[in-house]
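Asker: Encoded as structure tokens, here's the structure I'll be asking about.
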Amino acid sequence: MGLFVGQNVITLPSVDSTNEYLKAELSKSTPVVEGTVIMAVEQVAGRGQKGAVWHSEAGKNLTFSVLFNPVFLHPGNQFRLTVAISLALARWLESVLQHPVSIKWPNDSYVDGRKIAGILVENMLKGQTWKSAIVGIGINVNQTDFPVGAARRPCSIKQFLHRDSNIPELLSDLCNYLEQEYLALKSGGHEAQLAQYKQRLYRLGETHPFLIDGVQVTGILCGVTETGKLMIDFNGHVAAFDIKEVEFVF
Ligand code: BTN
């Protein structure tokens, strides 16, 4: 049983986006306790990375946001939180599926080359001080039909376990993993977490095409920088890209 993550879970039958809901709660005068979880049965305007829409069939999946106050991290080290959270999610998924889970840069969870979960971290800074981070997580649990059109079909926990899972039970278990990695980060565990993150990095050391400013270029995915940029080796010349600058080509 964790100490603070998921001690307070607010379940909403329907909401636009749990990240937006939590953001609105933070702007009110009543403080929100760190570790509070906002979970939605249905999200009608779920948001993904780079302005994408996060589709999730009502009642079938885990869609939730957690509040963290990582004031111990320098604002320049925001990627460290991403590393801790993606690692917690991948480790937890692996325990559920009993199957290897990799991290597709920067923070998607992949199983056998298909996406099973995504993370949207929104950092709230006040000047040079980090106030709080809204960590939104979407996991495909009991959904088995996915819209066609994605570059690669996503997958779900049910497709591996061949049975439905109890969503509140999964959430409670995952909260323990999130808390463990968050506390490890707080007590100086970033280097070890980064090493594990890199070990799990999807396509590390492989040659693949990437879209850079709309142009397709082939290179070797060779790592991430301290600030979370993706490093690609083009014939011995290594360049680093942020999330807006590069796309995977499948
Ligand atoms: C991505 O892979 O692009 C990130 C997906 C994040 C989805 C979750 S679902 C709960 C939370 N609320 C949102 O609107 N988005 C995140």
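The values are calculated or read from the model by the stated rules, or taken from the named source; none is laboratory data. All values reported here derive from a predicted model rather than from experimental measurement. Counting neighbours? That spans all protein chains shown, and the Cβs are built from the backbone with ideal geometry, glycine included. Quick note on the areas: whole protein, heavy atoms, side chains included, nothing else; ligands and nucleic acids left out. Shrake-Rupley method; radii C 1.70, N 1.55, O 1.52, S 1.80 Å.
Asker: Given the criterion assigned to a helix (DSSP H, G or I), within 15 Å of the ligand (Cβ to nearest atom) and either at positive phi or of a type in the set (A, V, I, L, M, F, W, C) (or both), identify the matching residue among 87, 93.
Answerer: Values: 87 fails: within 15 Å of the ligand (Cβ to nearest atom).
93 is the lone residue from the list that is assigned to a helix (DSSP H, G or I), within 15 Å of the ligand (Cβ to nearest atom) and either at positive phi or of a type in the set (A, V, I, L, M, F, W, C) (or both).
Asker: Continuing with this model, one more query. Just checking, does the range 19-26 include any residue being under 24 Å from residue 250 (Cβ atoms) and open to solvent by less than 10 Å² (accessible area, probe 1.4 Å)?
Answerer: Going residue by residue through the range 19-26, those that are under 24 Å from residue 250 (Cβ atoms) are none.
Scanning the range 19-26 turns up no residue that is under 24 Å from residue 250 (Cβ atoms) and open to solvent by less than 10 Å² (accessible area, probe 1.4 Å).
Asker: While we're here: Inspect all residues belonging to the range 174-187 and state whether any of them is without any contact (Cβ under 8 Å) to a residue 24 or more places away in the chain and crowded, with 17+ Cβ neighbours inside 10 Å.
Answerer: Taking every residue of the range 174-187 in turn, none turns out to be without any contact (Cβ under 8 Å) to a residue 24 or more places away in the chain and crowded, with 17+ Cβ neighbours inside 10 Å.
Asker: Something else now. Which of (1) modelled with pLDDT under 95; (2) crowded, with 17+ Cβ neighbours inside 10 Å does residue 75 not meet, given it meets every other one?
Answerer: (2)
Asker: Step by step: first the residues of the range 84-106, then only those that are open to solvent by less than 10 Å² (accessible area, probe 1.4 Å) and of a type outside the set (A, V, I, L, M), then the one that is farthest from the chain's Cα centre (by Cα). Which residue is that?
Answerer: Per the criteria, the residue is 92.
Asker: Another one. Scan the range 50-63 and report the pairs whose first residue is touching a residue at least 40 places away in the same chain (Cβ under 8 Å) and open to solvent by less than 50 Å² (accessible area, probe 1.4 Å) and whose second residue is more than 10 Å from the ligand (Cβ to nearest atom) and in a loop (DSSP other than H, G, I, E, B), with Cβ atoms within less than 6 Å and a gap of 6+ or a chain change.
Answerer: 61/140; 61/141; 61/143; 62/141
Asker: Conditions: (1) in contact with an Asp or Glu (Cβ under 8 Å, 6 or more places away or on another chain); (2) farther than 23 Å from residue 47 by Cβ. Residue 143 meets all but one. Number of the miss?
Answerer: Going through the list (1) in contact with an Asp or Glu (Cβ under 8 Å, 6 or more places away or on another chain); (2) farther than 23 Å from residue 47 by Cβ, residue 143 breaks only (2).
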